[in-house]
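As structure tokens, the structure follows; a few thoughts come after it.
The values are calculated or read from the model by the stated rules, or taken from the named source; none is laboratory data. Everything numeric in this text was worked out from a predicted model, so none of it was measured. Don't worry about glycine lacking a Cβ; one is built from the backbone with ideal geometry, like all the others, and counts go over all protein chains shown.
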Amino acid sequence: MSNLIKLNGETASIVENEWTCVNLPASQAEQRVQAGKVVLFKLTGEKSVTDEQIATAVIPATGKVIVPLSVFIARKNSLESRINAGEIGVWLDTHEVLEQLIEHQADLNVLLIIAVHVERFADGRIFSLGTLLRSRYGFKNELRAFGDVLKDQLFFLKRSGFTSFLIRADRSAEDALASLHDFSQPYQGAVDEPQPIFKRYHRTA
Amino acid sequence: MYKYDQIDQQIVDERVAQYRDQTRRYLAGELSEDEFRPLRLQNGLYIQRYAPMLRIAVPYGMLSSRQLHKLADIAAKYDKDYGHFSTRQNLQLNWPKLEDVPDILAELATVEMHAIQTSGNCIRNITTDQFAGIAPDEVIDPRAMAEIMRQWSTFHPEFALLPRKFKIAVSGTKQDRAVIQAHDIGMEFYTDSSGKLAIKVWVGGGLGRTPILGSVIREHLDWQHALTYCEAIIRVYNLHGRRDNIYKARIKILVKALGIDEFKNQVEAEWAFLKDAPNTITEAELARVGQHFEDMPYDALQAHEASFDAAVASNPAFAAWVKRCVHAHKTAGYRAVTLSLKPHGSAPGDATSAQMHTVADLAESYSFSELRVSHEQNLILADVKLSDLLAVWEKARANGLATPNIGLLTDIICCPGGDFCSLANAKSIPIALAIQAQFDNLDYLHDIGDIELNISGCMNACGHHHVGHIGILGVDKDSAEFYQVSIGGKQGNDASIGAVIGPSFAADEMPSVIQKLIDVYIKERTDEERFIDTVRRLGVAPFKAHVYAKDTNEATA
Ligand code: HEM
Ligand code: SF4
């Protein structure tokens, strides 16, 4: 059974996953993806993925695939026709820098899906990434969370602009569905409802 | 104070339902320990040495009588008949059962209270000056803005899982009483040259392992932008703060690593996009919330009251209490009263259920049914008539709430320490009690005068020891409990971090160490000089010399 929840407007349902996710091959080089090192990456330009990993990542020849950001950037030319055919999506990790995607793909809406991988559910960078993709970079298509995605973060993910949620394999997506509606009237404006409560309602004192 | 409408009420009710389900899933084994931890923490539930500990939010320290009665009932029903008021103006229960917590939250919801975001890596309870709205030196009453920020920060989706906890303090007085420089964000409200409400924003303060005072990130921010500017700051922090090492995860470390100028550039770049976004506060909303904090319906009174003056003249015990526990009020004929939760011989900040009921009753009879919690861990009746002070004193005294030691050496700020806290290196409450016993002479305490003594059981600094005039820190020395002493810390506008005087001491040496520090002060002080002034004038050396002097010294370890 599928573990993918997809939002369509306000209704959420469990649907089949039509996208195949391409992973990077394991690297020999020390992985410096530890949370919080982004500042270092930014300052030093140090890469978190090796050229070898990028070159050897296996992309299925047909069908809809989501490729890692680093692969997308390095091998974009060879994917051109499939990108235009709407067969290619991009995924990034929470430590990666959104500006790199924008730099190489000015019009994000060519991509039918962007996915963000969250390694540990407590890593709240995913919420800022979703918010930026929607409100700053105008991405309108499917925005997916995958990895350590659990019921108790769904409400926040939804409010941060995510529209599909691949629930961790050992948990029931069915159970998780209800959490999308944990709170009916949030106070602050966010992606899904930009207006704060005081602009949505006439609150009397 | 702020009263919930149906929207506020619905949010806390839905939270109770959500948390009830989370607790059920945990108890049924559907949530692992690791998965449940951040969920319970965001609801103020710690698992501590002997029992869970539940931290209940008291937004910016404001309570109604009805709420305090309820807290007293909860402490009686679910705990050991007492609660602990904390340095973040919250109430902590030390012995609730994990499976009872949903019921406790449901009871709290009936009096417009909750435990949302009282711990965990999120935006915490927003704190402010305990004399907000009544202080004569107040420029702006910060409470309406604090309430607007409370609502904005409640379940803010983007900032639900930050690298580390995030504390905001607001203040609207010339003399800062909210320790805003020791917070992740401090907001100082003032009236700008065009007569408008403006904010000076501080960022990157914090105590803990690496005590750092905040830096000014913006001298002038229009109040409408308070929320979006905070969003810009916290977004930069959320994306770039360290998540690999919890001791380096606070915003202060990021601000230090980047430097305030670079950090400010990143925040301003972010804010360029956020400025004027929908979360910009409107005049109407400030006015709506502001209505909840309008002045009490004060009587028109004389500045002096003969019966009060007579009582002070004839009753030295009452006079001593008035001197320490009664504070100026902006309205003629009114005073604010601090009810001391620091009687000698019990844990600082603790109040029994009976005491809570008494205080709630006092507020009902004499102070418009409202009260406040101070970050010094005392309770405040903000609006008492001069003519009622004697009656308040008598009732407070009969219930152990009138120790005239506010601002004196035994008004100790103290964390729960090793008696309760599993992170502790050492116990802190017994040290407080031993010092109170050593200085159990009120005349002597008054002679020593204004001084702040703060105790933390470990470097997490819950007791704010860095900013105590005297700070005591529990340290672990070959698995034994020792105490490091610092002097010269201070909160307020001229905040400073104390300097360690030397090697640490065993628990039983502590009262005499404090005695020696006081002896040096008494000997060296000039007229009208407070302890902190003498330390600042002379430096640490003479204090250190006396404390560690060879002949009298069994102390160094
Ligand atoms: C026993 C339960 C408690 C535990 C486990 C605990 C844990 C901690 C930890 C780990 C820190 C350091 C955080 C950091 O620097 O990143 C901290 C700081 C702090 N805690 Fe607690 N604490 C407890 C109780 C309290 C109580 C009862 C109070 C109030 C009386 C309190 C007030 C504070 C304050 C004011 C800070 C300093 C904030 C800062 O660093 O800016 N804590 N606590
Ligand atoms: S300072 Fe340390 S010992 Fe005291 S409460 Fe905080 S974590 Fe516990």
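Scoring B:Pro157 on the criteria (1) more than 16 Å from ligand 2 (Cβ to nearest atom); (2) touching a residue at least 24 places away in the same chain (Cβ under 8 Å); (3) not charged (D, E, K, R) leaves a single failure, condition (2).
Kindly evaluate B:Asp527 against the criterion of being surrounded by fewer than 15 Cβ atoms within 10 Å (Cβ to Cβ), of a type in the set (D, E, K, R), more than 16 Å from ligand 1 (Cβ to nearest atom) and closer than 11 Å to B:Phe543 by Cα. It is false that B:Asp527 is surrounded by fewer than 15 Cβ atoms within 10 Å (Cβ to Cβ), of a type in the set (D, E, K, R), more than 16 Å from ligand 1 (Cβ to nearest atom) and closer than 11 Å to B:Phe543 by Cα.
All of B:Asp494, B:Asp519, B:Asp533 fail the test of being more than 16 Å from ligand 1 (Cβ to nearest atom) and part of a loop (DSSP other than H, G, I, E, B), apart from B:Asp494.
So that you can scan it fast, the table gives a plain yes or no per residue for (1) touching a residue at least 12 places away in the same chain (Cβ under 8 Å); (2) hydrophobic (A, V, I, L, M, F, W, C); (3) within 12 Å of chain A (Cβ to nearest Cβ):
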residue	(1), (2), (3)
B:Ala257	no, yes, yes
B:Trp271	yes, yes, no
B:Ile281	yes, yes, yes
B:Ala311	yes, yes, no
B:Val326	yes, yes, no
B:Thr338	yes, no, no
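Annotation: B:Pro503 fulfils all but one of (1) under 19 Å from B:Ala437 (Cβ atoms); (2) surrounded by fewer than 18 Cβ atoms within 10 Å (Cβ to Cβ); the unmet one is (1). Restricting attention to the stretch B:421-466, the residues that are among the β-branched types (Val, Ile, Thr) and closer than 30 Å to B:Trp95 by Cβ total 4. Take the residues in the stretch A:140-168 that are in a loop (DSSP other than H, G, I, E, B), free of Cβ contacts under 8 Å to residues at least 40 places away in the same chain and more than 13 Å from chain B (Cβ to nearest Cβ); name whichever of them is farthest from A:Arg200 (Cα to Cα). Ranking the candidates gives A:Asn141 first. Considering the conditions (1) within 16 Å of ligand 2 (Cβ to nearest atom); (2) more than 9 Å from chain A (Cβ to nearest Cβ), B:Ala249 is excluded by exactly one of them, (2).
Being over 21 Å from B:Tyr190 (Cα atoms), away from ligand 2 (no atom under 16 Å from the Cβ), at pLDDT below 95 and surrounded by fewer than 19 Cβ atoms within 10 Å (Cβ to Cβ), is that true of even one residue in the stretch B:272-289? There is no residue in the stretch B:272-289 that is over 21 Å from B:Tyr190 (Cα atoms), away from ligand 2 (no atom under 16 Å from the Cβ), at pLDDT below 95 and surrounded by fewer than 19 Cβ atoms within 10 Å (Cβ to Cβ).
Candidates A:Arg134, A:Arg125: the one that is under 27 Å from A:Val22 (Cα atoms) and at the interface with another protein chain (Cβ under 9 Å from one of its Cβ atoms) is A:Arg125. Considering only the stretch B:235-246, I want to know if a residue exists there that is among the charged types (D, E, K, R), modelled with pLDDT of 95 or more and crowded, with 21+ Cβ neighbours inside 10 Å. Looking for residues that are among the charged types (D, E, K, R), modelled with pLDDT of 95 or more and crowded, with 21+ Cβ neighbours inside 10 Å, one finds at least one in the stretch B:235-246, hence yes. Residues in the stretch A:169-191 that are part of a loop (DSSP other than H, G, I, E, B), surrounded by fewer than 19 Cβ atoms within 10 Å (Cβ to Cβ) and of a type outside the set (A, V, I, L, M, F, W, C): A:Asp170, A:Arg171, A:Ser172, A:Ser184, A:Gln185. The requirement of being at pLDDT 95 or above, of a type outside the set (D, E, K, R) and within 16 Å of ligand 1 (Cβ to nearest atom) is not satisfied by B:Ala109. With respect to (1) among the β-branched types (Val, Ile, Thr); (2) free of Cβ contacts under 8 Å to residues at least 40 places away in the same chain; (3) surrounded by fewer than 17 Cβ atoms within 10 Å (Cβ to Cβ), the lone exception for B:Thr110 is condition (2). For the stretch B:92-99, the criterion of being within 14 Å of chain A (Cβ to nearest Cβ) and over 27 Å from B:Glu294 (Cβ atoms) is satisfied by no residue at all. Considering (1) part of a helix (DSSP H, G or I); (2) touching a strand residue (DSSP E or B) at 6+ places or on another chain (Cβ under 9 Å); (3) closer than 30 Å to B:Ala178 by Cβ, the lone condition that B:Gln484 does not fulfil carries the number (1).
Restricting attention to the stretch B:469-481, the residues that are in contact (Cβ under 8 Å) with a residue 60 or more places away in the chain and either within 14 Å of ligand 2 (Cβ to nearest atom) or within 16 Å of B:Arg209 (Cβ to Cβ) (or both) total 1. Just give me the residues in the stretch B:66-81 being touching a Phe, Trp or Tyr at 6+ places or on another chain (Cβ under 8 Å) and of a type in the set (Asp, Glu), in sequence order. The answer is B:Asp79, and nothing else.
Could we say that B:Leu442 is within 14 Å of ligand 2 (Cβ to nearest atom), away from every other protein chain (no Cβ under 14 Å) and more than 14 Å from B:Phe531 (Cβ to Cβ) here?
Details: within 14 Å of ligand 2 (Cβ to nearest atom): no; away from every other protein chain (no Cβ under 14 Å): yes; more than 14 Å from B:Phe531 (Cβ to Cβ): yes.
So B:Leu442 does not fit the description; no.
Among the residues of the stretch A:140-151, not one is over 27 Å from B:Pro38 (Cα atoms) and surrounded by 21 or more Cβ atoms within 10 Å (Cβ to Cβ).
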